[in-house]
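The values are calculated or read from the model by the stated rules, or taken from the named source; none is laboratory data. The model shown is predicted, which means the values in this text are computed figures rather than measured ones. We place every Cβ from the backbone using ideal geometry, glycine too, and count neighbours over all the protein chains shown. These accessible areas exclude ligands, DNA and RNA; they are computed on the full protein's heavy atoms, side chains included. Shrake-Rupley method; radii C 1.70, N 1.55, O 1.52, S 1.80 Å.
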Amino acid sequence: MMQIPQIRLQTNPMKIGLNIEQPVQQIEQKAAVQSIQQPQAIMEIQTTQGKLTIDQSQAREDMDLKSLSRRVDEFAQQGYQDWLAGMARRAQQGTELRHIEKGGNALTEQARQNSKGPEKKFNLGWIPSHFSVKLDYQPAEVKIEATAQKPIIDAQVNRVNHTYTQGSVNVEILQKNALDIDFINLYPDGIRKVKT
């Protein structure tokens, strides 16, 4: 039987181990410190009081409650008018008596006129009369002045605290690669192994 020479190859792959440490990152952001102050608005209010005027002098006169000065003025005016009327009447009557020879009954007529009083007048009306009380009203005035104040804002920003630890990768060989070569029937004395 004939033996054919053979070469046998056997390989072992390399095994690599990786030790990985993850990077660590820490970020801390503190809140900003903020202070806000709002001053009150400045407000000024000026008020002019309303004024109500009531004039009831006409109503009082309608009720014959006149003031002393008004009565004195009226009596003086009436006395002056009566004096003028009396002078005119006496002058007229004197003229009539001077011409008594012309006939007529001058003395009797003058006696009747001098004894006759003034005619009384009567009429219906309202006491006091309508709108005899006079009202005058000046409304109040209000002036408002407001001055707004700006807010006072103070903000202090805090820095970011940032720490970073780098990761690392450690490589180690767990198994080396190998190649085994076997020669069969190549040598007459048997098998010879070659390891590489």
For segment 157-178, name all the residues that are of a type in the set (D, E, K, R) and open to solvent by less than 100 Å² (accessible area, probe 1.4 Å).
-> GLU172
Please specify each residue of segment 61-87 satisfying the condition of being open to solvent by 90 Å² or more (accessible area, probe 1.4 Å) and either within 21 Å of GLN113 (Cα to Cα) or touching a helix residue (DSSP H, G or I) at 6+ places or on another chain (Cβ under 9 Å) (or both).
-> ARG70, GLN78, TYR80, TRP83, MET87
Whichever residue in segment 26-40 is exposed (fewer than 10 other Cβ atoms within 10 Å of the Cβ) and β-branched (Val, Ile, Thr) and, among such residues, is nearest to ARG159 (Cα to Cα) | ILE27
Determine which single condition ILE153 fails, assuming it passes every other condition in (1) surrounded by 10 or more Cβ atoms within 10 Å (Cβ to Cβ); (2) at pLDDT 90 or above; (3) farther than 30 Å from GLN29 by Cα.
-> (3)
When segment 88-115 is examined, which residues are found to be among the polar types (S, T, N, Q) and either open to solvent by less than 70 Å² (accessible area, probe 1.4 Å) or touching a Ser or Thr at 6+ places or on another chain (Cβ under 9 Å) (or both)?
-> GLN93, THR95, GLN110
Would you point out the residue of segment 1-17, among those that are loosely packed, with under 10 Cβ neighbours inside 10 Å and over 17 Å from ASN177 (Cα atoms), that is farthest from the chain's Cα centre (by Cα)?
-> MET1
Is it true that some residue in segment 117-136 is surrounded by 11 or more Cβ atoms within 10 Å (Cβ to Cβ), modelled with pLDDT under 90 and in contact with a Gly (Cβ under 9 Å, 6 or more places away or on another chain)?
-> no
